[in-house]
Amino acid sequence: MGKGGVGKSTSAALNSLFLAQRGFEVLIVSLDPAHNQSDIFEKKLADKPKQVTSHLKAIEIDQDHWIKRYLKDVHEQIRRTYSYLTSFNLEKYFKVIKHSPGLEEYALILAFKEINRKFSKMDFLVFDMAPTALSLKFFNLPTLSLIWINHLLALRKEIIKKRELITKVRLMKKEIETDKVLSRIQESIQEYTTLKELFEDPGLTKINLVLNPDQLSLAESRRIVEGLGAINISLSQVIVNKIQENSSMDHIDREFKGIPLLKAPFSETPLIGLDVLMRFLQANEEKLMGQPLQVLKNGIQ
Ligand SMILES: Nc1ncnc2c1ncn2[C@@H]1O[C@H](COP(=O)(O)OP(=O)(O)OP(=O)(O)O)[C@@H](O)[C@H]1O
Ligand SMILES: [Mg+2]
């Protein structure tokens, strides 16, 4: 997480490379629709994993592809659940969904879930996220969806109760057919609860906040911490990036008491290309050991 331009993509690339150099199988996934990993690694990346270096693969997700996938899934669900709808009516309902706001986040969540499932054998999945606004929406989506779906659940139950009443009066027996809509709602609740738990578990999801020593990026970082705190997500580490000789750090040390701070210096050489990235890691090895060592101590290997 972090404000635009603070060095999220570069940190994600360095973090991935650091882990790969130690023999972990790593997949770096750019979830930011404005991708940068191709430029950082100087390699054309795509929606399928490409080998960047030994033990390290990379993907840049194609947002339009995932929006189409998401809409196709929804279309299929409506068709299955409301089998009595004519195709004309089906299209009518579908149009409402196709133009609803928030599609971007749903598509990102779908991509995240699929990648998480498909590459569960990797030791680490490193996600390079978009700047603050979109990423907060991404992490908020399970919580918001659960609030909304729970309202739908209550409504559906009311509908079923009324329907049962009618069948009882008419047929003198209870309707035994399971309600497809109710099942679908319950399935969604399950899916979003699993995702919410994954985001909230610091043993499974480590969220790094990247910031620079300047006041604006610190102010935005505070809002990120608050935003994540509201949905029960805590930070694993704060990366203070682009530190220069004259950078004052006291205010940052005070702000993030209790959260591991990783301090990365400003690089005069642009951090582009594998060779430069590797040299930067080597030169700063001691400073950069913090988080991956923590991971090792947790016994993931
Ligand atoms: N430690 C560093 N020293 C010098 N330059 C850096 C450092 N880290 C990142 N940069 C440079 O800062 C710029 C922004 O970096 P990067 O793209 O990683 O940021 P970002 O937070 O991912 O940006 P965005 O919000 O646009 O996704 C790039 O030119 C990058 O090379
Ligand atoms: Mg970026």
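Bear in mind these aren't lab numbers, they're just calculated from the coordinates by the rules spelled out. Since the structure is predicted, the reported quantities are computational estimates derived from the model, not experimental observations. Using ideal geometry, Cβ is built from the backbone for each residue, glycine included, and neighbour counts are taken over all protein chains shown.
Rank Asn284, Leu134, Ser183 by how far each Cα sits towards the positive end of the charge dipole of the chain (+1 on Lys, Arg Cβ; -1 on Asp, Glu Cβ) and give me just the farthest. In the chain, that residue is Ser183. Since only Asn116, Asn36, Leu85 are under comparison, the one whose Cα sits farthest along the positive direction of the charge dipole of the chain, derived from C-beta charges on Lys, Arg, Asp and Glu, is Leu85. Legend: distances between Cα atoms for Lys92/Lys137; Lys118/Lys263; Lys95/Lys206; Lys57/Lys95; Lys98/Lys206; pairs beyond 30 Å are Lys118/Lys263; Lys95/Lys206; Lys57/Lys95; Lys98/Lys206.
From the alpha carbon centroid of the stretch 1-71 to that of the stretch 81-147 is 19 Å. Ranked by the mean number of other Cβ atoms within 10 Å of their residues, highest first, the peptides 43-51, 100-108, 83-91, 23-31 come out as 23-31, 100-108, 43-51, 83-91. Simple spin-label estimate for Leu85 and Arg163 gives 1.5 nm between the two label positions (7 Å along the Cα-to-Cβ direction from each Cα). Partners of Lys72 within straight-line reach, counting aspartates and glutamates whose Cα lies under 17 Å from its Cα and excluding those fewer than 8 residues away in the same chain: Asp62, Asp64, Glu91, Glu104, Glu105, Glu114.
Once you divide the Cα radius of gyration of the stretch 193-236 by 2.2 N^0.38 Å, the number left is 1.27. Computed from Cα atoms alone, the Kirkwood hydrodynamic radius reported for the chain is 21.7 Å. Take the Cβ atoms of Lys180 and Leu155, set R0 to 22 Å, and the FRET efficiency comes out at 0.90.
Protection proxy ranking of 249-260, 210-221, by the mean of other Cβ atoms within 10 Å over each peptide's residues and highest first, is 210-221, 249-260.
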